Amino acid sequence: MAGRVGGLKPATVWATAALAAFLLLCAGQAGAQAEDEGKFEALEGGDELVDGIYRVNGKIYLRLPTDAAMTLKSTVPLTIRVEVQFLNRLWFWWDNAEFERIVRYRLSYYALADRYIVEVEPPEGDDADAVWGTTDSYERQTFPTLGAALEHIGLIESLPVVEATELDRNLRYDVRIRAVLDQDGLPGPIRWLAFWRPEWSISSEWLSWRLDAQ
């Protein structure tokens, strides 16, 4: 999949992004009052210890801003980043994450089939290979609607985060989870537009809970 994004060549993505940015600027001037600012909200969270690895479950409500949904429909892929952190409660006020897992969901639209595609990139974080397993592959699923694709991304099931042996049994930990619309992977023209439009900086608030007894 190197050299391609969502099945498109980089040059094609850039040209499509430039056109999408122009259309979004025009649409924004014509109907700004009707735009949906979108909403990301972490609703549920929990953890479980399975085979010596702490796994996180969660539910995040995801609704894209109008600009982002229009960009996606123009076949420019988007990335939604799910972040999970384990915090040492002793240093909680420093907002210090002792362990972190980041999973990126690449969302694209295939116009010919009128389908939305979700690809899960290999996770990032502490000891990702040891916890997740070594892989360069992408999990890929297709959905008939944008709502179904976003619901799938927001349903976090048994996400491996950290081996139990990495935690200090004498300390208490909090777990927290959130989702972010990732601007880093956007093509240049859309990234420029996103910088000036606050609705592109959408993320959920952190949802926190106490780690279950070890």
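Give me the distance in nm between label points sitting 7 Å out from Cα along the Cα-to-Cβ direction at Arg172 and Trp209, one decimal.
Here the answer is 1.7 nm between the modelled labels.
On a full-extension model of 0.36 nm per residue, what is the gain between Lys73 and Glu48, subtracting their alpha-carbon distance, rounded to one decimal in nm? If you can, show how the numbers build up before the last one.
Details: separation 25, 0.36 × 25 = 9.00 nm, distance 3.73 nm.
Gain on extension, Lys73 to Glu48, equals 5.3 nm.
Any read-out appearing in this document is the output of simple, stated calculations on the displayed coordinates, not a laboratory observation. Everything numeric in this text was worked out from a predicted model, so none of it was measured. Quick reminder, even Gly has a Cβ in these numbers, built from the backbone with ideal geometry, and neighbours come from all protein chains shown.
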